[in-house]
Amino acid sequence: MHFFLYIDKLFRKSIVIHFFALCFLLLIFQGVHAAPQRVISTSPAITEILFALGAGDRVVGVTD
């Protein structure tokens, strides 16, 4: 009987830890869906793709 009580305590602790981890991750990734305001392209090919996608007005820096 004591063993099952111990497992129950571990399960409850695990649920609480996972709940707080989920809340933390949700807070971190809350703004991920927002479009970037400024973009720096590190490749000419990426620069072309950005302009083809219509994000050329957001490009503020490029490399050769």
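Every number in this text was worked out from the coordinates using simple rules, so none of it is lab data. The shown structure was predicted, so the numbers you read here are calculated from the model rather than taken from an experiment.
Structure values in brief
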item	result
Label of the coordinate-derived value, P(r) over Cα pairs in 10 Å bins from 0, in percent, listed as (1) 20, 51, 23, 5, 0; (2) 18, 24, 16, 15, 12, 11, 5, 0; (3) 18, 38, 24, 14, 5, 1	(2)
Helix-only CD estimate at 222 nm, as mean residue ellipticity for the chain, using -39500 (n - 2.57) per DSSP H run (n ≥ 4)	-19000 deg cm²/dmol
